[in-house]
Each structure stands twice: as C-alpha cells, then as structure tokens.
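The values are calculated or read from the model by the stated rules, or taken from the named source; none is laboratory data. The structure presented is a predicted model; accordingly, all values stated were derived computationally and were not measured. All Cβ positions, even for glycine, are placed from backbone atoms using ideal geometry, and neighbour counts span all protein chains on display. For the accessible areas, the whole protein counts, side chains as well, though only heavy atoms, and no ligand, DNA or RNA atoms are used. Shrake-Rupley method; radii C 1.70, N 1.55, O 1.52, S 1.80 Å.
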Amino acid sequence: MLLPQMAIFAQGTRAHYFLEFDVLPDVSPSQAVSAFARLRAPEASSGGVNFVIAFGPDLWSRVASDGDPDDFKRLEPIAGTDGHTVPATPHDVWVWISGSEPDVTWEHARATRWLIADVATLAAEQPAFTYRDSRDLTGFIDGTANPLSLTAPEVALVPAGQPGEGGSHVLAMRWLHDLDAFYRLPVHDQEQVIGRKKSDSEELAEGVRPATAHISRVQLDVAGKELELYRRSVPYGTQSEAGLYFVAFSSNPVRFELLLARMFGTSGDGIRDRLTDFSRPTSGATYFAPSLNALVALAGAG
C-alpha cells in the first residue's frame, strides 16, 4: 500500500521548526538520504510530534528509486516588476517538525541536527508558531481557500502510476513583513491589499476587490480550472523581525512557477501582487517529500 508522509496533513499542532541542511562534500547521496530517511516520522496526530522530510532536486535525482518526479527542478530567482525579487536559496534537505509546544519541537530539531551530523551540516533554521486562529501576523486568516482535508491529498500528492507517486512537491519560502507599514494603513485599505475582510476572511466581491489584491493574484486558473495548492504556512518572529514561513505542497511543481509569476508581475499581464509592497521573500527553495514507502526503502540503502 502506497503511503504518503502523513505529517503533511497533520492538524492541531501550534509549534513548528524548519531546518535546511547541506550534505557534506565527502558523503555520497545515498548515504545522506539514507541517514535522513532513518529519522522516523510518527503518524500524524493532534498532539504528537510530526516530521516531513524532503530533498532538493540535485540530491533526489541521484537516489530516486521510484523515478525522478516530472518537472522537479531548482527554484530560479525572479526579477519582478518595480524592483521586487524572489531569491533562490537551494539546499539539499528540508525538514519540517511540528508539535504541541515549542520546547518539544526545539528538542527534536536539536536531536535531528545531532543524528545527521556525520552526513550534513545545518544551513538554515526557522522556529515558527500558529498565531491565534491560524492568522498571519498581518491579522488576516491564512489559508482560507485551502482544500478540505478529504481532498487535500489529491492536491498535494503525485498520483499513483506517475514518477514519485505518493510524494509531494514542496515550496518553502521565508517572507519578511513590514508590519509597521502595513498597520499604518486603515483596515479598509488593508482589506484592499489582501482581498478579504479582516474580521471573518470573507472574500471581497470582484467589483470591489482590486486586480492587485493578494487573493486576485494567487488564484490560479488554467483553461477555466483552478489549480490548487495545499498551504501549511505559519508565522515566525520577534519584535524586530517577523513574517511568514510559507510552505506549499503540490502534485505538480509548475503551480509554484505560476503562483510566483502572478505575484511578482512576470506572468504577462503586468500586474503585481500589492502584498509584495509590505512583505518580501528572503529565501526560497523547492524540495520533494517522497512517500513513506520510498523513505523506508532508502533508509536501508546507505
């Protein structure tokens, strides 16, 4: 039976820790992937600790036993309109740890770094948290248009019979907010930036919502059909620096390219997401989270 990494869909966890690693020069791809695959990922639960392990395209293409997923490649930098850009900061391995409390996720992050110290070095880390009722630090509910739990796997997972079946493509980006500038706007103007009511996340009507609103730009329609993403983004921050750690899962990575092109004004219509005036990405990379079946097979391959 083909099983995905069920932690992708885990709900109810309020503490998060994201880690990115680079494989050491003298370590083979199979040794590295085997070491990470042996990090046992518990079944998804409301209160337990959950792991999602994903690999960069350069590493995964050299070890994939079930075929290299279609269109899986590095995120390329984007030079958008008005000087707005997307950086590309690729690493070899991405690990998402979620749990009930920040001390628990911190302990597991530390243990992860220690367990794979012989094969990889920590390149980036970001603790994060769930804010109120799943709101971004701008005060708006995040992920309102996410697919329902029953249909989320259809959106997030590569279908059976395709290369990488049961796995999921990942886009991970760290966005830095200018909250002072955003909160200087009246609530009405904030809602025009986002495209939703701040109180209850009701979508503004098309005649009221600007074409530059965030909601207008991130709705992906091709030939009249909406291309969905499964978003699992969470806020991070201190009083001096705060933002959103954006995470999206998809059965097809082309959706990531369409999303960023529409947000940064390179999709052909010349329109840019107004939210990029108040938030900018400081990192960005694509990864592939293979099925549990593939992880189990690779755990004994190193």
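Out of segment 49-89, which residues are open to solvent by 50 Å² or more (accessible area, probe 1.4 Å), in contact with a Gly (Cβ under 9 Å, 6 or more places away or on another chain) and part of a loop (DSSP other than H, G, I, E, B)?
First, pick out the residues of segment 49-89 that are open to solvent by 50 Å² or more (accessible area, probe 1.4 Å): 58, 61-62, 65, 68, 70-71, 73-74, 76-77, 79, 82-83, 85.
So of that shortlist, the ones also in contact with a Gly (Cβ under 9 Å, 6 or more places away or on another chain) come out as 68, 70, 74, 77, 82.
The answer is D68, D70, R74, P77.
Is it the case that some residue within segment 231-250 is in a helix (DSSP H, G or I) and either modelled with pLDDT under 95 or not aliphatic (A, V, I, L, M) (or both)? Before the answer, list the steps.
Here is the first cut: in segment 231-250, the ones in a helix (DSSP H, G or I) are none.
Within segment 231-250 (the criterion being in a helix (DSSP H, G or I) and either modelled with pLDDT under 95 or not aliphatic (A, V, I, L, M) (or both)), the answer is no, since none of the residues qualifies.
Kindly check whether there is at least one residue in segment 222-229 that is closer than 23 Å to A160 by Cα, acidic (D, E), open to solvent by 10 Å² or more (accessible area, probe 1.4 Å) and assigned to a loop (DSSP other than H, G, I, E, B).
yes
Report, ordered by the first and then the second residue, all pairs with beta carbons closer than 7 Å, sequence separation of six or more or different chains, a first member in segment 241-253 that is more than 21 Å from Y17 (Cα to Cα), and a second member that is charged (D, E, K, R) and open to solvent by 10 Å² or more (accessible area, probe 1.4 Å).
N252/D71; P253/D71
What single numbered condition from (1) in a strand (DSSP E or B); (2) aliphatic (A, V, I, L, M); (3) exposed (fewer than 15 other Cβ atoms within 10 Å of the Cβ) fails to hold for A111?
So A111 meets the others, but not (1).
Just the residues that are within 20 Å of F72 (Cβ to Cβ) and in a loop (DSSP other than H, G, I, E, B), please, taken from segment 142-176. Explain how you work it out, then say what you get.
Keep residues of segment 142-176 that are within 20 Å of F72 (Cβ to Cβ), which gives 153-173.
The answer is L157, V158, P159, A160, G161, Q162, P163, G164, E165, G166, G167.
I'd like the full set of residues that are hydroxyl-bearing (S, T, Y) and either open to solvent by less than 50 Å² (accessible area, probe 1.4 Å) or in a loop (DSSP other than H, G, I, E, B) (or both), limited to segment 182-221. It would help to see each step written out before you state the result.
Residues of segment 182-221 that are hydroxyl-bearing (S, T, Y), as a first pass: 183, 199, 201, 212, 216.
The answer is S199, S201, T212, S216.
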